1. Is the range 59-73 home to any residue that is among the β-branched types (Val, Ile, Thr), on the phi < 0 side of the Ramachandran plot and touching a Cys at 6+ places or on another chain (Cβ under 8 Å)?
2. Answer yes or no as to whether residue 56 is part of a helix (DSSP H, G or I), among the acidic types (Asp, Glu), surrounded by 13 or more Cβ atoms within 10 Å (Cβ to Cβ) and modelled with pLDDT of 90 or more.
3. How about the range 106-119: which of its residues are in contact (Cβ under 8 Å) with a residue 40 or more places away in the chain and either touching a Ser or Thr at 6+ places or on another chain (Cβ under 8 Å) or over 9 Å from residue 69 (Cβ atoms) (or both)?
4. In the range 48-80, how many residues are among the aromatic types (Phe, Trp, Tyr) and under 22 Å from residue 15 (Cβ atoms)?
5. Starting from residues that are touching a strand residue (DSSP E or B) at 6+ places or on another chain (Cβ under 7 Å), surrounded by 13 or more Cβ atoms within 10 Å (Cβ to Cβ) and in a loop (DSSP other than H, G, I, E, B), keep the ones in the range 1-12 and report whichever is modelled with the lowest pLDDT.
6. Counting just the residues of the range 29-47 that are at pLDDT 75 or above and surrounded by 14 or more Cβ atoms within 10 Å (Cβ to Cβ), which one comes out nearest to residue 79 (Cα to Cα)?
7. Hey, can you tell me all the residues within the range 13-28 that are modelled with pLDDT under 80 and of a type outside the set (D, E, K, R)?
Amino acid sequence: MSLSGHRVFISHRHDYHDDFASLTRRLRRAGFDAVDTSVAVHARFEGKPKWWLEREIAKRIRNADVVLVFGNMGIVKSDWCVWELDQAIKHEQNILVVLPTQYYGNVPRRILAADNMGGPVTNADTIIRRLQASLS
């Protein structure tokens, strides 16, 4: 099934970068438009004011077909991740909670409540199947 053109925004903390990078590669191979639009990896964001960053990230969230949120306790400690989740809710986006590899902790209720795609899910194959079923 070709899903080219379906854009995926992934909200994550950088301490789960390996999981993020692996998931992004798998999504691309499955035909999704999944690119790393994280603030920390783009030098062009350096020195930009917060309002500018918020505008750019909000635009990416609005333009996404689905927002994936890494569901772990640390995510609610990140102001950016909480803000991204709030934007996804505000714009009534498809939200799927995914669990990082080897994460066995709790998922914050706020994150679970935002999920509207039957998460949390734990591996890339399940994530891809869920997206294919929801977006086709």
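1. At the first step, the residues of the range 59-73 found to be among the β-branched types (Val, Ile, Thr) are 61, 66-67, 69.
Then drop every residue that is not on the phi < 0 side of the Ramachandran plot, which leaves 61, 66-67, 69.
Subset that is touching a Cys at 6+ places or on another chain (Cβ under 8 Å): 69.
Within the range 59-73, one or more residues are among the β-branched types (Val, Ile, Thr), on the phi < 0 side of the Ramachandran plot and touching a Cys at 6+ places or on another chain (Cβ under 8 Å).
2. Working: part of a helix (DSSP H, G or I): yes; among the acidic types (Asp, Glu): yes; surrounded by 13 or more Cβ atoms within 10 Å (Cβ to Cβ): yes; modelled with pLDDT of 90 or more: no.
No; evaluated as a whole, the condition is false for this residue.
3. Filtering the range 106-119 for residues in contact (Cβ under 8 Å) with a residue 40 or more places away in the chain gives 111-112, 114-115, 117, 119.
Scanning the range 106-119 gives 112, 117.
4. Initial filter on the range 48-80 (among the aromatic types (Phe, Trp, Tyr)): 51-52, 70, 80.
Right, trim to under 22 Å from residue 15 (Cβ atoms) and you get 70, 80.
Total satisfying the criteria: 2.
5. 12
6. Step one: of the range 29-47, the residues at pLDDT 75 or above are 29-34, 47.
Subset that is surrounded by 14 or more Cβ atoms within 10 Å (Cβ to Cβ): 30-34.
Values: 30: 31, 31: 31, 32: 27, 33: 25, 34: 22 Å.
For the range 29-47, the residue satisfying everything is 34.
7. Looking only at the range 13-28, we keep the residues that are modelled with pLDDT under 80, and these are 13-17.
Those that are modelled with pLDDT under 80 and of a type outside the set (D, E, K, R): 14, 16, 17.
The values are calculated or read from the model by the stated rules, or taken from the named source; none is laboratory data. In this text the structure is predicted, and so the values were computed from the model without any measurement. Neighbour counts run over all protein chains shown; Cβ positions are idealised from the backbone, glycine included.
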